[in-house]
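One structure is given below, encoded as structure tokens.
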Amino acid sequence: MSKPPYIGRFAPTPSGYLHFGSLVAALASYLDARAVGGRWLLRIEDLDPPREVPGAQAAILTTLESYGFEWDGPVMRQSERHGAYAEVLQRWLNQGLAYACSCSRKQLEPYLGIYPGLCRNAGHPWADTAIRLRVPELSYQFTDRVQGPFAQHLGREVGDFVIRRRDGLYAYQLAVVIDDAAQGINAIVRGADLLDSTPRQLYLQELLGVPAPSYLHVPLITQPDGHKLGKSYRAPPLPIAQARPLLLRALRALGQAAPEELLELSPSAILQWAAQHWQPELIPRVLSRPEAQLL
Ligand code: GLU
């Protein structure tokens, strides 16, 4: 049997503009797809309107275009996908897999982020509460193409997690898995900050009865002081005029060859060259080099 065609994606959240860390993730997912003649889809993860920066969606598309990226087919927007999320949520509520949780933030403080199941059997009505998904007392594991084996025990290390927030917004974990399945994504390349979301997503895929994609988590880009990119630190947006040098810098952060002569080429020609020379086995697990840091 021949291998199914590669379908990858880039899925930015418009809570800000693309920064150097986003470029590294976009570039890795793009090159990994194009190197094998695969498809590369774009999905805007606009699940959280209050956190959306006005104009960010349009700026993301313009920036990607000016950096030479070409996506296949129409852009998917999660804001247009609520029907699909609601259907799955209702099914799991009916099956008793998901339940309403009325716990306040304060009540949960002592549990350090691992939900202790307080509302599991409370039978609260579903309206105006958070909805959590029951997790099994099992470890979910996978082998990341760069980070290697990774395992997490969902019961002990995560607990029943929120799939719809109290304010009615759908959670990232739920939406990302439903949409990756709907778009036929079979190869996920993204930032290592999502490594520990992956076991939850494997469990969600199991519940939905869809195959797990392959995973490649690229190393994280750090703040200029070497710290992890935090919410309080606003990474500078990617300057359109600097597309070529920043593409080279992103290639080097991914451990790839990036000869200076590439600066003579257009951004899309740089991407074409890089896809022909793509060596994912050279991607480092973590970055300690100066290129890894933000502008
Ligand atoms: N929307 C997520 C982000 O911008 C990425 C989701 C994913 O790649 O799974 O961090």
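The values are calculated or read from the model by the stated rules, or taken from the named source; none is laboratory data. If you're wondering where the values come from, they're calculated on a predicted model, not measured in any experiment. Glycine gets a Cβ as well: all are built from the backbone with ideal geometry, and neighbour counts include every protein chain shown.
Some values worked out for this structure:
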read-out	value
Extreme residue, surrounded by the fewest Cβ atoms within 10 Å (Cβ to Cβ), among residues of the stretch 185-206 that are near the ligand (Cβ under 10 Å from one of its atoms) and assigned to a helix (DSSP H, G or I)	193
Test: residue in the stretch 17-30 that is free of Cβ contacts under 8 Å to residues at least 60 places away in the same chain, crowded, with 20+ Cβ neighbours inside 10 Å and of a type in the set (Val, Ile, Thr)	no
Qualifying residues in the stretch 165-181 (those that are within 13 Å of the chain's Cα centre (by Cα) and of a type in the set (Asp, Glu)) - the one farthest from the ligand (Cβ to nearest atom)	179
Residue within the stretch 207-224 that is in a helix (DSSP H, G or I), within 13 Å of the ligand (Cβ to nearest atom), among the hydroxyl-bearing types (Ser, Thr, Tyr) and modelled with pLDDT of 95 or more present	no
Matching residues in the stretch 29-62 - criterion: being in a loop (DSSP other than H, G, I, E, B) and within 19 Å of residue 164 (Cβ to Cβ)	45, 46, 47, 48, 52
Number of the condition not met by residue 106 [criteria: (1) basic (Lys, Arg); (2) assigned to a helix (DSSP H, G or I); (3) within 16 Å of the ligand (Cβ to nearest atom)]	(3)
In the stretch 4-50, the residues that are charged (D, E, K, R) and either at pLDDT below 95 or within 11 Å of the ligand (Cβ to nearest atom) (or both)	9, 43, 45, 46, 48
Selection count where residues are assigned to a loop (DSSP other than H, G, I, E, B) and surrounded by fewer than 18 Cβ atoms within 10 Å (Cβ to Cβ), scope the stretch 256-288	10
